Amino acid sequence: MKKSQKIFTVDNLKEKLKQAKALVLTDYHGLKVGQINQLRQEIKKEGGEYEVVKNTLLRKASQNGEWRMENEQLNGPTAALWIYKDDLTPLKILDSFIKKNELPRVKFGFWGQDLLDEDKFKELANLPSLEELKVKLVSFLKSPLYRLTTNLNGNVMKLLYLLKMKGGEN
């Protein structure tokens, strides 16, 4: 790789580090190109990005950012999962892929200011998605209103029934 390409790549990685809400680094050793491309496409559909990165360039890009990476953390083949939204779906896709293929192996990552290890990654991947939480919230908020409406309608129906009965007696 030429020096100009390395500089461009480091600048690109710095920008991704600034924009990303989360980052998960994986060891992709053992995955076939087709598998990586399939995973990349699935993650891209959900607003994330999965790419193979050079350790030295990623370390250099992280030097002055909030997510610093050291030599001992970055070894072996590395692929990065970039998450740009607060949605967990890209994490869930990676976790599902790992369960199915037993690869790639999670090295470490960052969620906001927190360092992620493999256990925290699995914990986050098993949380409900943002959409699932929204549906639960709406149904939770709707439930008391539905019960109130049913109870009020029930009393009105009883009143109408009584009035009808009284009207039938005359």
Restricting to the stretch 122-135, count the residues that are at pLDDT below 85 and polar (S, T, N, Q).
1
If you check VAL106, VAL24, VAL138, which single one turns out to be more than 24 Å from GLN5 (Cβ to Cβ), β-branched (Val, Ile, Thr) and modelled with pLDDT under 90?
VAL138
So which of GLY112, GLY154 is assigned by TED's automatic domain parsing to the domain that holds LEU81, farther than 16 Å from ASP27 by Cα and not polar (S, T, N, Q)?
GLY112
Selected residue (criterion: modelled with the lowest pLDDT) from residues of the stretch 67-85 that are surrounded by 14 or more Cβ atoms within 10 Å (Cβ to Cβ) and in a loop (DSSP other than H, G, I, E, B)
GLN73
Cβ-Cβ under 6 Å pairs, at least 6 apart or on other chains, the stretch 89-102 side under 18 Å from VAL33 (Cα atoms), far side among the hydrophobic types (A, V, I, L, M, F, W, C) and part of a helix (DSSP H, G or I):
ILE93/ILE43; PHE97/LEU39
Residues located in the stretch 97-109, provided they are assigned to a helix (DSSP H, G or I) and either buried (at least 18 other Cβ atoms within 10 Å of the Cβ) or not assigned by TED's automatic domain parsing to the domain that holds ALA22 (or both)
PHE97, ILE98
Quick check: anything in the stretch 128-143 aliphatic (A, V, I, L, M), assigned to a helix (DSSP H, G or I) and closer than 23 Å to GLN35 by Cβ?
no
What residue, of LYS166, LYS158, is exposed (fewer than 10 other Cβ atoms within 10 Å of the Cβ), in a helix (DSSP H, G or I) and of a type outside the set (A, V, I, L, M)?
LYS166
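Conditions (1) closer than 11 Å to LEU23 by Cβ; (2) among the charged types (D, E, K, R), marked per residue:
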position	(1), (2)
LEU57	no, no
LYS60	no, yes
TRP67	yes, no
GLU70	no, yes
ASP87	no, yes
ASN101	no, no
PRO104	no, no
LEU116	yes, no
ASP119	no, yes
Say we look at the stretch 1-34 and pick out the residues that are in contact (Cβ under 8 Å) with a residue 60 or more places away in the chain and surrounded by fewer than 16 Cβ atoms within 10 Å (Cβ to Cβ); which of these is nearest to the chain's Cα centre (by Cα)?
LYS21
Quick one: count up the residues across the stretch 39-53 that are assigned to a helix (DSSP H, G or I) and either in contact (Cβ under 8 Å) with a residue 12 or more places away in the chain or among the aliphatic types (A, V, I, L, M) (or both).
3
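The values are calculated or read from the model by the stated rules, or taken from the named source; none is laboratory data. Worth saying up front: this structure is predicted, and the values here are computed from it rather than measured. FYI the Cβ positions are ideal-geometry reconstructions off the backbone, even for glycines, and counts take in every protein chain you see.
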